[in-house]
């Protein structure tokens, strides 16, 4: 059954190929036929004008001229564009249809039955041109139908009957010619196809023979190359083992085959004394079991051929021990399979690790001592400072008016310097807690409008003394921020206090920007019209104890800890603190509540570092 199906399939494929050959033969002959027909109809134009009577000659000459132009155009098109595969017979049928139309016009205009001769010639030409019986039958049927229409009721006349019979005989002759040509063509195509198949089979056999020969040569060359490469690789490995700073020991099963000079140096013995000894003699007997599993292949890493390491106590030939790290790989020794153990003396590494642990313990002890010292000193310093500040405040309120101007000024200086020193102590304690990762924050809802009001109220008197206006801009229906209220207020107060301190004229503004859709706060900005910060120092102002260079900035005082503490507190709360500034124009400090959010650029003043803007939610 399978053989029959295969035969049918092959037959169908072969017939399809033959039909394609028939169509291709027709397509290849169309350009030449079109050119010949163009020449024929061009020659008929003067013939009709000279031999036929008026007015028939004018109409028939025009028809022949139009036909000549059409066939010449077809030839021109086919000169630039080939007929697509499978369209040879359809295009040929279209041209024959036009020929039949021209013959019909001649027959109708002249009314003479002798014009049937052109129809007879067309039918014979169709038999010589086509190779497909279906298309031939369609074109011949069209020709006979057209002749019948042209003859009309004159078919009974003797002349029309004569030419009609001649047309039928021409059709039979054309069909006979077509069948003979088709059989001869198919026979030739089959012979050509068989010849191509035999040629392909012969070329395939020759290629297979040549390929087999080349594969044999290649395999032989590959084997020879592999042998050379193995020898070269083994030699390179041996030279590398001799030059390396690690001990290298070759062994098979349990016996040492060879070793490099460094291994002999590590184990304090000569290479010749090592050869033949059990490999397990190189490790502490108390660690024999893990070493045996590792070195003799029962370890997973060795079983899979991958390198692995094992830390053991190495045993020297003089009986002393040392910390060693072993690594095992598969290798070759004199062309045979073997294993290599790389021995590293890690005495110095262990000593360095021990020193590092001791240094870390000392550093932790110093950190604890520093924290304890700062905590104790802060208590010892804040207690008398609070007393000094309190007594100075009492004296100013009760005796300030009765004291001379100089003594009153002394009291105010005592109070101001005491408060400054107390703030410095608080800043040092905060930065110490942050460095020791002991600063804890709580997350709670924070009313930013209330916080902004409290901060502006606290700084209002100071701003008024400097001739500044302190403003706040908080959108309505603002949702609470999730933060540590005390620490966030500390940051905002620090930023706003700096803005007031470094602004000589103009305004200081606390602004909150929120998502327009959800009402969730996105950022809190502190804007001023102060002296500004140079672009190259914009990031450095967040470093501890850093102050802007220049006498104008230094005249405002400060310790340089406020911005460092503020940024660290923001990071602890999951926020970001950015700055943008321009000298002589002002600065903007922004607390980003949602870092990394896609937001528009702010319109804050200055041309310093770009600060992210707020997403509108639109």
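Observations on the model:
- Restricting the first member to segment 54-81 and to residues that are under 18 Å from residue 26 (Cα atoms), and the second to residues that are at pLDDT 75 or above and assigned to a helix (DSSP H, G or I), the beta-carbon pairs closer than 6 Å and six or more apart or on different chains are 75/31; 78/31.
- Identity of the residue in segment 501-515, free of Cβ contacts under 8 Å to residues at least 60 places away in the same chain and in contact with a helix residue (DSSP H, G or I) (Cβ under 6 Å, 6 or more places away or on another chain), that ends up farthest from residue 479 (Cα to Cα): 508
- With respect to (1) over 30 Å from residue 411 (Cα atoms); (2) more than 54 Å from the chain's Cα centre (by Cα); (3) modelled with pLDDT of 75 or more, the lone exception for residue 373 is condition (3).
- Scanning segment 28-48 turns up no residue that is crowded, with 17+ Cβ neighbours inside 10 Å and in a loop (DSSP other than H, G, I, E, B).
- When residue 452 is tested against (1) touching a helix residue (DSSP H, G or I) at 6+ places or on another chain (Cβ under 9 Å); (2) within 22 Å of residue 389 (Cβ to Cβ); (3) assigned by TED's automatic domain parsing to the domain that holds residue 563, exactly one condition is not met: (2).
- Of all the numbered requirements in (1) surrounded by 12 or more Cβ atoms within 10 Å (Cβ to Cβ); (2) farther than 20 Å from residue 253 by Cα; (3) at pLDDT below 85, residue 363 misses one, and that requirement is (1).
- Under the condition of being closer than 20 Å to residue 579 by Cβ, within 44 Å of the chain's Cα centre (by Cα) and part of a helix (DSSP H, G or I), the residues counted in segment 468-527 number 5.
- Against the numbered list (1) within 22 Å of residue 427 (Cβ to Cβ); (2) surrounded by 17 or more Cβ atoms within 10 Å (Cβ to Cβ), residue 452 comes up short only at (1).
- For segment 75-107, a residue qualifies if it is part of a helix (DSSP H, G or I) and under 53 Å from the mean Cα position of the chain (by Cα), and the qualifying residues are 76, 77, 78, 79, 80, 88, 89, 90, 91.
- Residue list for segment 530-554, filter: out of contact with any helix residue (DSSP H, G or I) (no Cβ under 9 Å at 6 or more places or on another chain) and either at pLDDT 75 or above or closer than 16 Å to residue 592 by Cβ (or both): 532, 534, 535, 536, 537, 538, 539, 540
- Here residue 86 meets the list (1) loosely packed, with under 15 Cβ neighbours inside 10 Å; (2) free of Cβ contacts under 8 Å to residues at least 60 places away in the same chain almost entirely, failing just condition (2).
- Residue within segment 305-324 that is out of contact with any helix residue (DSSP H, G or I) (no Cβ under 9 Å at 6 or more places or on another chain), at pLDDT below 75, more than 30 Å from residue 432 (Cβ to Cβ) and surrounded by fewer than 16 Cβ atoms within 10 Å (Cβ to Cβ) present: yes
- Residues being at pLDDT 70 or above and farther than 29 Å from residue 295 by Cβ - total across segment 225-264: 1
- Residue in segment 596-612 that is loosely packed, with under 13 Cβ neighbours inside 10 Å, under 31 Å from the mean Cα position of the chain (by Cα) and either under 21 Å from residue 452 (Cβ atoms) or at pLDDT 65 or above (or both) present: yes
- Enumeration of residues in segment 574-588 that are assigned to a loop (DSSP other than H, G, I, E, B), surrounded by fewer than 21 Cβ atoms within 10 Å (Cβ to Cβ) and touching a residue at least 40 places away in the same chain (Cβ under 8 Å): 583, 584, 585
The values are calculated or read from the model by the stated rules, or taken from the named source; none is laboratory data. Treat the numbers as computed from the prediction; the structure is a model and nothing was measured. In this analysis, Cβ positions are derived from the backbone assuming ideal geometry, glycine residues included, and neighbour counts consider all displayed protein chains.
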